[in-house]
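The values are calculated or read from the model by the stated rules, or taken from the named source; none is laboratory data. What you see is a predicted model, and the numbers here were worked out from it, not measured in a lab. So basically every Cβ, Gly included, is an ideal-geometry build from the backbone, and we count neighbours across all protein chains shown.
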Amino acid sequence: MEMEYFAHETAVIDDGCKIGKGTKIWHFSHIMKDSEIGENCNIGQNVVISPGVRLGKNVKVQNNVSIYTGVICEDDVFLGPSMVFTNIINPRSAIIRKEQYAKTIVEKGASIGANATIVCGNRIGTFSFIGAGAVVTKEVKPYALVVGNPARQTGWMSEYGHKLAFGNNGIATCPESGERYRLEDGKVYKINP
C-alpha cells in the first residue's frame, strides 16, 4: 500500500501512529507510536511528536519543536520554530511522573511564536496569538494576543493575524479580511455577516 503522506528518508516513523493524507514530515523528525497527525500538516526538521499527541488538520510545526505527551493541537494551529511544550509541572530526573502528565489544548487557528514556552495544563484559545519568546503560565482567551515572561495579554487578534483596534462601540475590523469583531465583557466574538 502506497503512503498518502511524504516522509523524508531521515525521518523516523514508529509503528502504530496515524498520519493523514498530504502531510509532509521533514529531515530528522521522529513520529512516535500512538500519535495522530491530521491531513495536510507540515512537520519541520528535527521535530519530535511523542506518544499520544494529537494534531488536527493543516497544523504547521516549524523546526526544532518537541510536542510531548498530553498535547492536543486542533486544526490550523501554527507552532513556531523552537517553541516548547512542557508536560509535568514539577519535573525531577530521579522521579518518574508519567501518570501526572498534564493536558495542554491548543485550539483551532492559534499561533505560537518562535521560542515561546507553554507551561502544561493550560488551554490556548481559538485564534489566539502567542508572541515570540513568551512564557505562557495560564489559560489564554480566544483571539487574545499575549507576550512577555510571564505572558500577559496586550490586545486582540483577528483570524487573519492582525491586531484589532476596537472603537467606542466595541467593534473592530480586520484590515486584511474585512471581517468584523465585537468586544463584550472581556471576550471577543466574530460578527457573522
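Annotations
- Taken together, I89, I72 contain a single residue that is in a strand (DSSP E or B) and in contact (Cβ under 8 Å) with a residue 12 or more places away in the chain, which is I72.
- Meets criteria (small (G, A, S) and free of Cβ contacts under 8 Å to residues at least 12 places away in the same chain) for G178: yes
- Evaluation of N149 against (1) crowded, with 17+ Cβ neighbours inside 10 Å; (2) assigned to a loop (DSSP other than H, G, I, E, B) (one fails), failing number: (1)
- Complete set of residues in segment 93-123 that are of a type in the set (D, E, K, R) and either modelled with pLDDT of 95 or more or buried (at least 18 other Cβ atoms within 10 Å of the Cβ) (or both): K103, E107, K108, R123
- First in segment 30-45 and outside the structural domain of D14 (by TED's automatic domain parsing), second anywhere and aliphatic (A, V, I, L, M), Cβ under 6 Å, 6 or more apart: none
- Residues in segment 26-49 that are part of a strand (DSSP E or B), within 14 Å of L79 (Cβ to Cβ) and of a type in the set (A, V, I, L, M, F, W, C): 4 in all.
- Checked across segment 80-88, the condition of being farther than 17 Å from I124 by Cβ, aliphatic (A, V, I, L, M) and within 19 Å of the chain's Cα centre (by Cα) holds for at least one residue.
- Which numbered condition Y181 fails, given (1) assigned by TED's automatic domain parsing to the domain that holds N64; (2) in a strand (DSSP E or B); (3) in contact with a Cys (Cβ under 9 Å, 6 or more places away or on another chain): (1)
- Scanning segment 159-174 for residues that are touching a Leu at 6+ places or on another chain (Cβ under 7 Å) and not in a loop (DSSP other than H, G, I, E, B) yields K163, A172.
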